[in-house]
1. Here's a check for you: in the range 54-86, which residue that is assigned to a loop (DSSP other than H, G, I, E, B) and over 24 Å from the mean Cα position of the chain (by Cα) is surrounded by the fewest Cβ atoms within 10 Å (Cβ to Cβ)?
2. Do the conditions hold for PHE38, that is, is it surrounded by 12 or more Cβ atoms within 10 Å (Cβ to Cβ), modelled with pLDDT under 80 and under 19 Å from the mean Cα position of the chain (by Cα)?
3. Among the residues of the range 41-53, count how many are surrounded by 14 or more Cβ atoms within 10 Å (Cβ to Cβ) and assigned to a helix (DSSP H, G or I).
4. When residues of the range 1-34 are filtered for being small (Gly, Ala, Ser) and modelled with pLDDT of 80 or more, how many remain?
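The values are calculated or read from the model by the stated rules, or taken from the named source; none is laboratory data. Source: prediction; values computed, not measured. With ideal geometry, Cβ positions are generated from the backbone for all residues, glycine too; neighbour counts draw on all protein chains shown.
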Amino acid sequence: MIQIPLILNIYNMAILDNLGKYRNTGLLLLRIGIGILFIIHGFPKLAGGPSGWTGLGGSMKVIGIDFLPIFWALWPPLRKPLVVFF
């Protein structure tokens, strides 16, 4: 007779049937967690100040975009939390 591992045993899957009611809570926690990670990742860019923003946005010259360096530096860290929550 073939031994079925405990994790794949069909009788133990009944334990997972009640988790459906926590789906929205799980998704909310994931969205909040990812939003916090995006904020933590973007904060150093925001805290760099105008000279840091100009330098960071100035790196767009590599791909041929040499206008509004402060916009290009501030747009990603400001939009990341909005993408997660909307």
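1. Going through the range 54-86, the residues assigned to a loop (DSSP other than H, G, I, E, B) turn out to be 64-68, 86.
Among the residues that remain, those that are also over 24 Å from the mean Cα position of the chain (by Cα) are: 64-68.
On the way: GLY64: 6, ILE65: 14, ASP66: 12, PHE67: 9, LEU68: 12.
Within the range 54-86, the match that is surrounded by the fewest Cβ atoms within 10 Å (Cβ to Cβ) is GLY64.
2. Values: surrounded by 12 or more Cβ atoms within 10 Å (Cβ to Cβ): yes; modelled with pLDDT under 80: yes; under 19 Å from the mean Cα position of the chain (by Cα): yes.
So PHE38 passes the test.
3. Within the range 41-53, the first condition is being surrounded by 14 or more Cβ atoms within 10 Å (Cβ to Cβ), and the residues that meet it are 42, 45-46, 48, 52-53.
Filter once more, so that each one left must be assigned to a helix (DSSP H, G or I): 42, 45-46, 52-53.
Qualifying residue count, the range 41-53: 5.
4. So the first thing to find is which residues in the range 1-34 are small (Gly, Ala, Ser), and the list is 14, 20, 26, 33.
Imposing the further condition that a residue be modelled with pLDDT of 80 or more reduces the set to 26, 33.
Total meeting the criteria: 2.
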